[in-house]
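These notes concern the structure reproduced below.
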Amino acid sequence: DSQYTGPPITVADSGYPNFDSVLARLRSWRDRSSGVLQHQLYLQSLANSGWRFFDRATYIGGQPAEFTSISKEVSMCTSSGCMHNETFGVTISDEFLRSSAATGFSIQIAGQTGYSEVVTIPPNYIQGYLQAIDSNAASSH
């Protein structure tokens, strides 16, 4: 399978004093036998203020998105607390990603604690990502 990974972008940042942020990137896999391209919005939440226990994602408009928990770990502990890192993915169809290239898209992520955040992927990120995937696919034939 061919794999593609876009650069990380900061999609949420609370700044001082909590230093809570969410990083996002697109990842994709092309199945060699079928040629089908599968995409995932790969998200990493870094929270100094505690666990969010993210467990669901919803497209703006209310349609639930396929959510995959990847990992949870604690890092960078100091006298003021630790960073709580949660990594998870949201499945994105090729059709949806391509139809969002002109406008970008937003997804709400939410956790068991009641915390939620709207993550927006801008159109220029999607356009650059698809251009890189498509040019790579064209050059590999």
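Remarks
- Among the residues listed as ILE70, ILE126, ILE109, the single one being in contact with a helix residue (DSSP H, G or I) (Cβ under 7 Å, 6 or more places away or on another chain) and either of a type in the set (A, V, I, L, M, F, W, C) or closer than 25 Å to TYR4 by Cβ (or both): ILE126
- For the criterion of being out of contact with any strand residue (DSSP E or B) (no Cβ under 9 Å at 6 or more places or on another chain), open to solvent by less than 50 Å² (accessible area, probe 1.4 Å) and over 23 Å from SER21 (Cβ atoms), ALA101 passes.
- Qualifying residue in the stretch 41-60 (condition: of a type in the set (Phe, Trp, Tyr), part of a loop (DSSP other than H, G, I, E, B), surrounded by fewer than 18 Cβ atoms within 10 Å (Cβ to Cβ) and in contact with a Lys or Arg (Cβ under 6 Å, 6 or more places away or on another chain)): no
- Filter result for ASP20 (open to solvent by 80 Å² or more (accessible area, probe 1.4 Å), more than 14 Å from the chain's Cα centre (by Cα) and charged (D, E, K, R)): no
- Filtering the stretch 20-40 to residues that are part of a loop (DSSP other than H, G, I, E, B) and either at pLDDT 90 or above or under 17 Å from SER116 (Cβ atoms) (or both) leaves only ASP20.
- Looking across the stretch 107-137 at every residue that is of a type in the set (A, V, I, L, M) and part of a helix (DSSP H, G or I), the one that is modelled with the lowest pLDDT is identified as ALA137.
The values are calculated or read from the model by the stated rules, or taken from the named source; none is laboratory data. For clarity, every value in this text was computed on a predicted model and none was experimentally measured. Here the Cβ is made from the backbone with ideal geometry for all residues, glycine too, and neighbour counts use every protein chain on show. SASA here: full protein model, heavy atoms, side chains in, ligands and nucleic acids out. Shrake-Rupley method; radii C 1.70, N 1.55, O 1.52, S 1.80 Å.
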